[in-house]
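The values are calculated or read from the model by the stated rules, or taken from the named source; none is laboratory data. Predicted model, so just to flag it, every value in this text is computed and none were measured. Backbone-built Cβ (ideal geometry, glycine too); neighbour counts: all protein chains shown. Areas reflect the complete protein model, heavy atoms only, side chains present, ligands, DNA and RNA absent. Shrake-Rupley method; radii C 1.70, N 1.55, O 1.52, S 1.80 Å.
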Amino acid sequence: MRENDMNDGPQAPHLLLVHGAWHRSWCWRDLQDLLTERGWTSHTVDLPSVVAEDAHGRLPGLMDDARAVREAIDAVEAPLVVVAHSYGGAPVTQAAVGAANVSHLVYVSAFALDVGESLMTCFGGEQPDLTTVEGVIPVRENPGTTLYNDVPDDKRDAALARLLPQSALSFAEPVSRAAWHTVPSSYVLCDDDQSLPPSYQEPFARRTGAAYRLPSGHTPLLSMPDKLADLLEQIARGTS
């Protein structure tokens, strides 16, 4: 876990930034730099379900990711706003239940799943036999468009070069608890999202207590980190 240290007040919340599928914590760098400049402390975590190119067999799943997120939560001795992007919403939903220091959850075009839902079933798909799920889900088709349609070319190309496979089990495992039922939460809808269109985000947003909108594609942390930072500051100040 990486931390940006700032001499903020004792009651100022920290932010834990949880990445989505195929990414690792590098994707938050621009946003973290902005938050640091504005006086906020941020942390990141690398999810074990993002695996090496040659990974095969039984691989880490959503529950492994949730354990990693909970360890990151428990390591912060401060009020904490947990920010989840895309797939990252699923392990955050599982992990944040009962975490006394978590004051707010922010889902950024993310999966705010309910108990018993997985990424494979939340839109009506069949639940597979988890004992048979192995291998990876490759980086999705045309990621330059689906993930990064509004990201500047240089940032897009750098990000594309760093994407890695995602374990199939992470998409197949359902959550067994849902933190947004008890933890105050917000949703950031991305209106130009080519990966998880707004019509798919809206049911998740309705599960949270407040919804915000950005005119961004799927990855505003790369395309408009300044506007995302503005929103996160607004939300974090409201939890103090």
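Taken over the stretch 196-236, the residue count meeting the criterion of being in a loop (DSSP other than H, G, I, E, B) and under 17 Å from the mean Cα position of the chain (by Cα) is 9.
Set side by side, the residues P91, P79 differ, and just one is buried (at least 16 other Cβ atoms within 10 Å of the Cβ) and more than 22 Å from P220 (Cβ to Cβ), which is P79.
Restricting to the stretch 143-173, name every residue that is among the small types (G, A, S), part of a helix (DSSP H, G or I) and open to solvent by 50 Å² or more (accessible area, probe 1.4 Å). If the condition is that a residue be among the small types (G, A, S), part of a helix (DSSP H, G or I) and open to solvent by 50 Å² or more (accessible area, probe 1.4 Å), then A158 is the only one that fits. Of the conditions (1) under 18 Å from the mean Cα position of the chain (by Cα); (2) under 30 Å from A12 (Cα atoms); (3) surrounded by fewer than 18 Cβ atoms within 10 Å (Cβ to Cβ), R140 satisfies every one except a single condition; which number is it? Checking R140 against (1) under 18 Å from the mean Cα position of the chain (by Cα); (2) under 30 Å from A12 (Cα atoms); (3) surrounded by fewer than 18 Cβ atoms within 10 Å (Cβ to Cβ), the one that fails is (2). Within the stretch 37-61, being under 20 Å from V102 (Cα atoms) and not charged (D, E, K, R) holds for G39, W40, T41, S42, H43, T44, V45, L47. Quick one: count up the residues across the stretch 102-134 that are closer than 21 Å to W180 by Cβ and surrounded by 17 or more Cβ atoms within 10 Å (Cβ to Cβ). Here the count works out to 17.
Looking across the stretch 172-226, the residues that are more than 24 Å from D64 (Cβ to Cβ) and touching a Pro at 6+ places or on another chain (Cβ under 7 Å) come down to L189, C190, D191, D192, G209, L214. Please verify whether D193 is open to solvent by 60 Å² or more (accessible area, probe 1.4 Å) and either outside any helix (DSSP H, G or I) or not aromatic (F, W, Y) (or both), treating the condition exactly as stated. Answer is no for this residue.
Cβ-Cβ distances below 8 Å connect the following pairs, each with a first residue in the stretch 191-215 that is farther than 22 Å from D230 by Cα, a second residue that is polar (S, T, N, Q) and open to solvent by 30 Å² or more (accessible area, probe 1.4 Å), and a separation of six or more residues or different chains: Q194/T145; Q194/N149.
Taken over the stretch 216-240, the residue count meeting the criterion of being closer than 24 Å to E117 by Cβ and free of Cβ contacts under 8 Å to residues at least 12 places away in the same chain is 0.
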